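See structure below.
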Amino acid sequence: MRGRRVPRLGSVEVPGAAREVDMLRAGAASPARRSQVAEDPGALAGGGEERPGRQPPAAALRLPDNKPQGGSEAGRTPDHDLQRGCLNRSPRSAPPAPGMGERGAQPERAALQSPGAPEGAAATVNGLLHNGFHPPPACSRDPLPARFQLSSELQPQPQQQPLFSQHDSPAKKCRLRRRMDSGRKNRPPFPWFGMDIGGTLVKLVYFEPKDITAEEEQEEVENLKSIRKYLTSNTAYGKTGIRDVHLELKNLTMCGRKGNLHFIRFPTCAMHMFIQMGSEKNFSSLHTTLCATGGGAFKFEEDFRMIADLQLHKLDELDCLIQGLLYVDSVGFNGKPECYYFENPTNPELCQKKPYCLDNPYPMLLVNMGSGVSILAVYSKDNYKRVTGTSFGNMMSKEKRESISKEDLARATLVTITNNIGSIARMCALNENIDKVVFVGNFLRINMVSMKLLAYAMDFWSKGQLKALFLEHEGYFGAVGALLELFKMTDAQ
């Protein structure tokens with residue numbers, strides 16, 4: 001019926017047209033007519049004429065499901081395909097099927113089959129079966145005998161998606177590579193820090209890797225380079241920050257990487273400037289958590305989170321102290337012993353510094369001297385107790401120092417404090433039946449007066465039975481312990 005127009009209501013009636021319209025309304029159109037409607041739904045609207053909006057077909061127009069018996073594809077009809085929603089409407093008309101007129105022209109059956117499919121195979125559209133599943137292979141074969149099959153190691157594997165695209169920026173590539181490398185090697189991404197936030201001083205240790213490959217250096221993000229350069233190329237930071245260059249531990253191997261361990265300190269009152277610097281250098285893009293110990297880890301926790309978008313992993317102060325001390329003593333001080341004592345402390349002319357081997361340290365009395373004093377009885381790496389402790393003024397504070405006007409008063413205060421500490425330590429050693437007393441803490445930093453006074457007091461009051469032992473990195477052991485905890489966190493993950 002191509003080229004014929006179906007009259008609209010109100011138009012001049014064409015002979016025979018009304019009857020066909022009535023038949024369509026009654027749902028009694030001929031099969032050939034239905035096939036034409038299925039193939040060309042717009043045929044009823046007339047050749048190019050504007051037609052009203054389509055209405056949903058009435059129930060009487062629902063096409064019958066001429067499902068063939070026995071599952072054969074040969075009896076499949078366009079009506080069935082139209083109901084299934086998978087009729088292949090090719091823009092080019094296929095020649096009419098044999099024995100059918102132009103009105104009943106249908107696409108060739110081969111158009112519903114995928115290329116190369118055997119005759120009689122299930123109909124596919126765009127490589128899919130009519131039910132949406134991929135077709136099976138054109139031919140299936142029995143599996144090869146076991147002697148001809150490849151081992152599982154030699155079987156072809158699915159192609160892995162690349163870690164990053166060639167269009168990714170160098171910064172993103174570095175972050176992904178660092179994350180993958182950290183996961184594979186079970187170690188945290190750089191930079192590696194540990195912090196001990198005390199009442200007077202903040203102690204920070206930083207591991208500088210020295211085995212960076214050319215590829216790592218090329219893809220390293222700029223803020224990581226900036227942090228490393230800032231920390232390692234300066235000995236002073238602002239007016240109060242100091243890097244103790246003479247304490248640097250060189251050629252260490254930590255968590256599988258070789259490098260140097262740097263020791264940095266600054267007053268706790270400058271902590272807000274440090275947090276602000278971490279925010280400006282976008283430190284949170286490299287780390288989300290910092291390992292920290294000391295009372296300041298609780299005091300400044302909110303500031304770290306709000307200003308620098310960093311979380312503090314708060315650690316026990318005494319645990320970090322002992323673990324850090326044992327680690328530094330085990331690696332030594334660049335080929336020299338970490339521990340030492342003063343020989344002939346009662347004779348100023350003969351008093352001299354001597355190394356001491358701390359290979360068998362237990363039991364020992366550990367006296368940590370900072371803004372406050374904690375005295376620990378240590379029986380093993382994991383067995384210790386806090387025996388006692390004391391509190392003294394913030395002599396490191398500028399405001400406190402300005403309140404003392406006389407140099408003699410300052411020295412007298414220092415001597416009084418030191419003798420008090422020495423006598424308490426000796427008494428604790430006697431009560432615990434311990435003959436080794438180790439003094440650490442930043443109170444002793446560049447404080448030869450106090451160290452010699454302690455050595456004198458211990459030697460004099462014990463009649464030579466007790467020695468006051470000191471360590472080179474006296475105030476940094478808590479920060480080292482925090483850094484070691486960073487590696488433990490990675491192992492646990």
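The values are calculated or read from the model by the stated rules, or taken from the named source; none is laboratory data. Keep in mind that what you see is a predicted model, and the values were worked out from it rather than measured. With ideal geometry, Cβ positions are generated from the backbone for all residues, glycine too; neighbour counts draw on all protein chains shown. These accessible areas exclude ligands, DNA and RNA; they are computed on the full protein's heavy atoms, side chains included. Shrake-Rupley method; radii C 1.70, N 1.55, O 1.52, S 1.80 Å.
So here's what we get for this one:
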| read-out | value |
| --- | --- |
| Residue among Gly259, Gly238 that alone is small (Gly, Ala, Ser) and either open to solvent by 20 Å² or more (accessible area, probe 1.4 Å) or at pLDDT below 95 (or both) | Gly238 |
| Neighbours by Cβ (under 7 Å, 6+ apart or cross-chain): first from the range 432-450, of a type in the set (Gly, Ala, Ser); second open to solvent by less than 20 Å² (accessible area, probe 1.4 Å) and assigned to a helix (DSSP H, G or I) | Ser450/Thr418; Ser450/Leu444 |
| Those residues of the range 364-379 which are more than 26 Å from Arg265 (Cα to Cα) and either of a type outside the set (A, V, I, L, M, F, W, C) or surrounded by fewer than 16 Cβ atoms within 10 Å (Cβ to Cβ) (or both), in sequence order | Tyr379 |
| Index of the failed condition, Lys381 passing every other in (1) closer than 24 Å to Tyr327 by Cβ; (2) over 40 Å from the mean Cα position of the chain (by Cα) | (2) |
| The one condition in (1) touching a helix residue (DSSP H, G or I) at 6+ places or on another chain (Cβ under 7 Å); (2) in contact (Cβ under 8 Å) with a residue 40 or more places away in the chain; (3) closer than 22 Å to Asn442 by Cβ; (4) of a type in the set (A, V, I, L, M, F, W, C) that Val221 fails to fulfil | (3) |
| Test set (1) within 22 Å of Arg187 (Cα to Cα); (2) without any contact (Cβ under 8 Å) to a residue 60 or more places away in the chain - Arg257 fails condition number | (2) |
| The listed residue being under 21 Å from Asp196 (Cβ atoms), surrounded by 18 or more Cβ atoms within 10 Å (Cβ to Cβ) and of a type in the set (A, V, I, L, M), out of Met254, Met277 | Met254 |
| Filter result for Leu290 (in contact (Cβ under 8 Å) with a residue 24 or more places away in the chain, hydrophobic (A, V, I, L, M, F, W, C) and either surrounded by fewer than 16 Cβ atoms within 10 Å (Cβ to Cβ) or in contact with a helix residue (DSSP H, G or I) (Cβ under 6 Å, 6 or more places away or on another chain) (or both)) | no |
| Complete set of residues in the range 303-318 that are more than 30 Å from Leu365 (Cβ to Cβ), aliphatic (A, V, I, L, M) and touching a strand residue (DSSP E or B) at 6+ places or on another chain (Cβ under 7 Å) | Leu310, Leu312 |
| Pairs with Cβ under 6 Å, 6+ apart, first in the range 413-426 and on the phi > 0 side of the Ramachandran plot, second assigned to a helix (DSSP H, G or I) and buried (at least 23 other Cβ atoms within 10 Å of the Cβ) | none |
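The rows are residues; the columns are (1) open to solvent by 20 Å² or more (accessible area, probe 1.4 Å); (2) within 22 Å of His246 (Cβ to Cβ).
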{"residue": "Asn420", "(1), (2)": "yes, no"}
{"residue": "Cys428", "(1), (2)": "no, no"}
{"residue": "Glu432", "(1), (2)": "yes, no"}
{"residue": "Val437", "(1), (2)": "no, no"}
{"residue": "Val440", "(1), (2)": "no, yes"}
{"residue": "Ala455", "(1), (2)": "no, yes"}
{"residue": "Lys463", "(1), (2)": "yes, no"}
{"residue": "Leu466", "(1), (2)": "no, no"}
{"residue": "Leu469", "(1), (2)": "no, yes"}
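So that you can scan it fast, the table gives a plain yes or no per residue for (1) open to solvent by less than 30 Å² (accessible area, probe 1.4 Å); (2) in contact with a helix residue (DSSP H, G or I) (Cβ under 7 Å, 6 or more places away or on another chain); (3) under 29 Å from Glu248 (Cα atoms); (4) of a type outside the set (A, V, I, L, M, F, W, C):
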residue	(1), (2), (3), (4)
Leu326	no, no, yes, no
Asp329	no, no, yes, yes
Asn334	no, no, yes, yes
Lys353	no, no, yes, yes
Cys357	no, no, yes, no
Tyr362	no, no, yes, yes
Lys381	no, yes, yes, yes
Phe392	no, yes, no, no
